[in-house]
Amino acid sequence: MAIPVPATDLQNAPDFVFEKYTFDGESGVLSLYYRFDSGPSFIETIRFPDAPLLDGPRKTAADRAFALIFWLAGVSYYKAYAAGVRIPPSPPSESTAAFLQKVYTKGLAEFAYENGIDIRTRVHILGEGTTQPAPSIGLQPRALVPVGGGKDSIVSLEALKAAGKDITLFALGGPSGAAQPIAETIRVSGLPYIFVERTLSPEIKKLNDKGALNGHVPITAILSAIAAACAVLYDFRDVILSNEHSASAPNIIDADWDINHQYSKSYAFERDFADILKTDVAADLRYFSLLRPLTEAAIAKRFAAYSDYHGIFRSCNTAFKQDVNARGKKWCNDCPKCRFVFLALAPFTEKQHLTQIFGADPLNEVSQTLGYQQLCGLADYKPFECVGEISESKLLMEALSRNPVWKDDANVIVCAEKTQNFAQDFAALFEAKPDHLVPADYITVIA
């Protein structure tokens, strides 16, 4: 194997090659093969449990779903050098290539920003011809609901349960199983679930240790493609995510380039991916986010009522590290997600109860002031994390400043601003937003 190109020598970086993918129907293992020209190669595996043997249109749809996984999962390895792209002899269709071009450029925008490169000049994914339109394959009116261990998917699954919908949970994890908050969410829900095991190639860690480029990738795009494949394999018409209205808001608008940490959770991605599934995989496969009409505040208010989950949910990234031994067992209380989730829940949760859940009151810690100022748009830019919009954080903070229980917390005093139309603006946080793909047979679930 050739010596990897140092990350600083990007002008001479090798092209990234999409080689092939294979699926073993007996073991349920999808294997994805990638490499860099004259450089390291990668094999990623994704294991679908008890995968049924398919034939006819269902088998064709499954293969098309596997192809989407192949194209999207490659981003985890491509980023090591973020150089040119080479497509195998069987390229994607022109429409799929255009979709992938968006995902690789917009989904890696944060990565590119932090590494000081313009990803738009590097990625050129070209397609060829058109794909035969996908037929309807008779998927059953059942729903597959990904869970991430946080408040959002809990609100979705509980709302769907209350509405009497036929749902199964979906979890993605490594060989050691689902992360603790995900496993605990499944346990408390009492719902059936499908766990899919994704094993990254160990070569990517070796490259990272040698100084390859690293950073955020659009993981929700990969998860969505795997969930879509599950829908085809196990006969679900609906793949229902829990991405909220604020996920579409960019963190930074840099000249003509919007940089959004949550691009693959955005409404723009959702529309594009839903269209690709209908045209390229199965015409009756539906993909949408149930919570898209809701703000973070509206979701937090609903979650506050689900006390059975308060002791086990977690959004803090320390709980989901790839190294199982390094995973945190509690909220770290020193990251943007911990700060924002605490802020979002505070207006709707008894103070002592909330501080017991988190093990601290970050709103009253001066060491957290800069972090809360960033959330409220008073310093730097909105953190590169899954947090609410700046305007939303400001309104939540002002709501606390009007609450005698919270008003004297150090960061409430520093960050709360007076809004001329506070009552009206705060009330608007709980009004449904019009931009969504929620079908008519599901819209009443969150009405």
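Annotations
Condition check ((1) closer than 23 Å to SER246 by Cα; (2) over 24 Å from the mean Cα position of the chain (by Cα); (3) touching a residue at least 12 places away in the same chain (Cβ under 8 Å)) across all residues:
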| residue | (1), (2), (3) |
| --- | --- |
| LYS330 | no, no, yes |
| ASN333 | yes, no, yes |
| PHE342 | yes, no, yes |
| LEU345 | yes, no, yes |
| GLU350 | no, yes, no |
| LEU363 | yes, yes, yes |
| GLN373 | yes, yes, yes |
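- In region 264-286, residue nearest to THR131 (Cα to Cα) [restricted to those that are open to solvent by less than 10 Å² (accessible area, probe 1.4 Å), of a type outside the set (A, V, I, L, M) and in contact with a strand residue (DSSP E or B) (Cβ under 7 Å, 6 or more places away or on another chain)]: PHE273
- Any chance THR199 is open to solvent by 50 Å² or more (accessible area, probe 1.4 Å) and within 21 Å of TRP71 (Cβ to Cβ): no
- Near pairs, Cβ below 8 angstrom, 6+ apart or cross-chain, from region 389-400 (outside any helix (DSSP H, G or I)) to any residue that is modelled with pLDDT under 95: GLU389/SER246; GLU389/ALA249; GLU389/LYS382
- Matching residues in region 290-323 - criterion: being among the acidic types (Asp, Glu), in contact with a helix residue (DSSP H, G or I) (Cβ under 6 Å, 6 or more places away or on another chain) and surrounded by fewer than 19 Cβ atoms within 10 Å (Cβ to Cβ): ASP308
- Every condition in (1) crowded, with 20+ Cβ neighbours inside 10 Å; (2) in a loop (DSSP other than H, G, I, E, B); (3) among the aliphatic types (A, V, I, L, M) holds for LEU191 except the one numbered (1).
- Residues satisfying the stated conditions in region 154-178, i.e. surrounded by fewer than 24 Cβ atoms within 10 Å (Cβ to Cβ), in a helix (DSSP H, G or I) and small (Gly, Ala, Ser): ALA159, ALA162
- Of residues in region 324-380 being in a loop (DSSP other than H, G, I, E, B) and closer than 14 Å to ALA304 by Cβ, the one least open to solvent (accessible area, probe 1.4 Å): THR349
- Residue tally, condition of a type in the set (Gly, Ala, Ser) and farther than 24 Å from THR220 by Cβ, over region 134-162: 3
- Within region 28-49, considering residues that are in contact (Cβ under 8 Å) with a residue 60 or more places away in the chain and over 27 Å from GLY177 (Cβ atoms), the one surrounded by the most Cβ atoms within 10 Å (Cβ to Cβ): PRO40
- Members of region 31-63 that are charged (D, E, K, R) and either assigned to a helix (DSSP H, G or I) or in contact with a Ser or Thr (Cβ under 8 Å, 6 or more places away or on another chain) (or both): ARG35, GLU44, ARG47, ARG58, LYS59, ASP63
- Condition met for GLU417 (within 25 Å of LEU294 (Cα to Cα) and either open to solvent by less than 30 Å² (accessible area, probe 1.4 Å) or in contact with a Ser or Thr (Cβ under 6 Å, 6 or more places away or on another chain) (or both)): no
- Leading residue by the ranking (farthest from PHE170 (Cα to Cα)) among those in region 95-153 that are assigned to a helix (DSSP H, G or I) and among the basic types (Lys, Arg): ARG120
- Any hit, region 117-127, residues being surrounded by 14 or more Cβ atoms within 10 Å (Cβ to Cβ), among the aliphatic types (A, V, I, L, M) and closer than 17 Å to ASN260 by Cα: yes
- The set of residues in region 79-92 being of a type in the set (Ser, Thr, Tyr), in contact (Cβ under 8 Å) with a residue 24 or more places away in the chain and either part of a helix (DSSP H, G or I) or open to solvent by 10 Å² or more (accessible area, probe 1.4 Å) (or both) is empty.
- For region 228-235, the criterion of being assigned to a helix (DSSP H, G or I), in contact with a Lys or Arg (Cβ under 9 Å, 6 or more places away or on another chain) and either modelled with pLDDT under 95 or closer than 18 Å to PRO439 by Cβ (or both) is satisfied by at least one residue.
- Residue in region 238-263 that is surrounded by the fewest Cβ atoms within 10 Å (Cβ to Cβ), counting only those that are closer than 30 Å to GLU158 by Cβ and hydrophobic (A, V, I, L, M, F, W, C): ALA249
- Checking the stated criteria, GLY388 turns out to be under 25 Å from HIS261 (Cβ atoms) and open to solvent by less than 20 Å² (accessible area, probe 1.4 Å).
The values are calculated or read from the model by the stated rules, or taken from the named source; none is laboratory data. Everything numeric here is computed off the predicted structure, so don't read it as measured data. Because the Cβ atoms are built from the backbone with ideal geometry, glycine has one as well, and the counts that use them run over all protein chains shown. Note: areas computed on protein heavy atoms with side chains; ligands, DNA, RNA excluded. Shrake-Rupley method; radii C 1.70, N 1.55, O 1.52, S 1.80 Å.
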